[in-house]
1. Just rank 56, 74, fewest to most, by other beta-carbon atoms within 10 angstrom.
2. Quick one: order 18, 8, 60 by neighbouring beta-carbon count within 10 Å, fewest to most.
3. Residue 22 to residue 35: extension gain in nm, 0.36 nm per residue of separation minus the Cα-Cα distance?
């Protein structure tokens, strides 16, 4: 079963209002168009992108799992920013994009496990 797009939209909008941010401010902070943020809030994005949702969670200072309906705890969790940065890196580097596609449906725990694995590999160098 997929993500509840309506719940995602409501939570993004509520968090944005709570943080007293405009659509333009959120869009500028995460590097997307204002219309993209609007479409997420309306629940009209058919295939939400994990890096975009993670970036929104970071910009809005909320827990990624809360935005996606996986948690009732709105407060950010330690490691959320690290995962967001890691996913942004995957998106920006062409040679790593296939990993991003693979991680598309991953939950935060799975993404953290991959981050931990790759970090361990790098420490062996």
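Every read-out reported here was derived from the displayed coordinates using simple, explicitly stated rules and does not represent laboratory data. Here the structure is a predicted model, which is why all the values come from computation and not from measurement. Cβ: placed from backbone, ideal geometry, glycine included. Neighbour counts: every protein chain shown.
1. Result, fewest neighbours first: 74, 56.
2. Fewest-to-most Cβ neighbours within 10 Å comes out as 18, 8, 60.
3. 3.5 nm
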